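These notes concern the structure reproduced below.
The values are calculated or read from the model by the stated rules, or taken from the named source; none is laboratory data. Fair warning: this is a prediction, and the values are worked out from it, not measured in the lab. A quick note on method: Cβ atoms are made from the backbone with ideal geometry, for glycine too, and the neighbour counts reach across all protein chains shown.
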Amino acid sequence: MSLQIKIYVSCHKDLYSFSHPVLYPIQVGTALAEFRYKGMQYDDSGDNISTQNRSYCELTAQYWAWKNDAADYYGFFHYRRYLSFDPKSLVDYTNSQKVKRSPLPYRIYKRPDEQTLNLLGYTEENIKDIIGRYDIIAPLAEQMHVSVYDHYKKAPFHHIEDLDLVLKIIEQRYPEFKAAAQEYMAGTKHYFCNMFVMKRELFFNYCAWLFSILQEFDRQTDFTKYSGKACRVDGYLGERLFGIYYTWLKKQPSVRWAELPRAHFEAFPGETDNFSLMKRVNMLLPPGTRRRAYVKKLLGLRLGRRNSILTISKESERNIKG
């Protein structure tokens, strides 16, 4: 029997313009949108949390697929973030042989057009062959040279008390995950983007775990404190929760798992055109390198001082006007 694989590509803009047998574009936050994009699935039908998209981000697509669609494997990408299915870049951790040097966690491309997808191994036969060997495929871990916990603590738009609350909920509701949570939080390898491909049973178990934690977090949280990008709190926390669940899952002896690098698309006309800049940055400062981490830390300190000065200036201006 042929595997039914559905990889949902979350879109909040009308930038998906091709068809592929395993890729399913889904408009996220449809219930809040002014327009419904043609040729897409919508996350506001059936049992859904589409109205919570501002907080849950791409997780509204994941919730919709869990509650409303059937497949043997479920996968989740973004319109600007895919996994590369190039067999040469596959890192198979199920194999007992020692994993050699891993490829870069991601590379920069212009757009997910037919030529680029062929380069990335996007034939139906190749994708089904790779996915069918495993229970879960995750994006390659990105070495950030700072712990997952400290990265969240220092990142803009994040509140560390939110992550602390989620960790407390895990300890209370799912104590069997406490060790995995501590291990992942203390580690320096990160799993970003809420991207993965999972076999049906694992996916359903993961969703039941994930959304129960986030719903309890929502119940205990005052959302009036958030503004701007900070409103995306459930999506940000979901990334860290995936890392915790995946850390636990890798220790289960029956689970077959592998990782693939991400492909980042940075040249959408009229939306973003960072291709030339990002390509140069990634050549000079490859993702996962200590050199990149050092430069980011240095720039962060400078930007932090600059933002502090701007904040002081704005406060002074308000006081003068008052």
Legend entry - Check on TYR63, hydroxyl-bearing (Ser, Thr, Tyr), free of Cβ contacts under 8 Å to residues at least 40 places away in the same chain and part of a helix (DSSP H, G or I): no
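If the requirement is being at pLDDT 85 or above, under 22 Å from the mean Cα position of the chain (by Cα) and surrounded by 12 or more Cβ atoms within 10 Å (Cβ to Cβ), which of these qualifies: THR289, THR272? First the steps, then the outcome.
Values: THR272 fails: at pLDDT 85 or above.
Result of the check over THR289, THR272: THR289.
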Legend entry - Extreme residue, farthest from the chain's Cα centre (by Cα), among residues of the stretch 198-242 that are at pLDDT 95 or above and not in a helix (DSSP H, G or I): THR221
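With a cut-off of at least 2 residues that are in contact with a Cys (Cβ under 9 Å, 6 or more places away or on another chain), surrounded by 17 or more Cβ atoms within 10 Å (Cβ to Cβ) and without any contact (Cβ under 8 Å) to a residue 60 or more places away in the chain, name the strands (runs of 3 or more DSSP E) lying wholly within the stretch 73-186. Outline the logic, then answer.
On the way: elements: 73-78, 81-83, 106-109, 136-139.
In the stretch 73-186, there are no strands (runs of 3 or more DSSP E) which contain 2 or more residues that are in contact with a Cys (Cβ under 9 Å, 6 or more places away or on another chain), surrounded by 17 or more Cβ atoms within 10 Å (Cβ to Cβ) and without any contact (Cβ under 8 Å) to a residue 60 or more places away in the chain.
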Inset, instruction - Can you confirm whether the stretch 49-59 contains a residue that is out of contact with any helix residue (DSSP H, G or I) (no Cβ under 7 Å at 6 or more places or on another chain), of a type outside the set (A, V, I, L, M, F, W, C) and buried (at least 20 other Cβ atoms within 10 Å of the Cβ)? - result: no
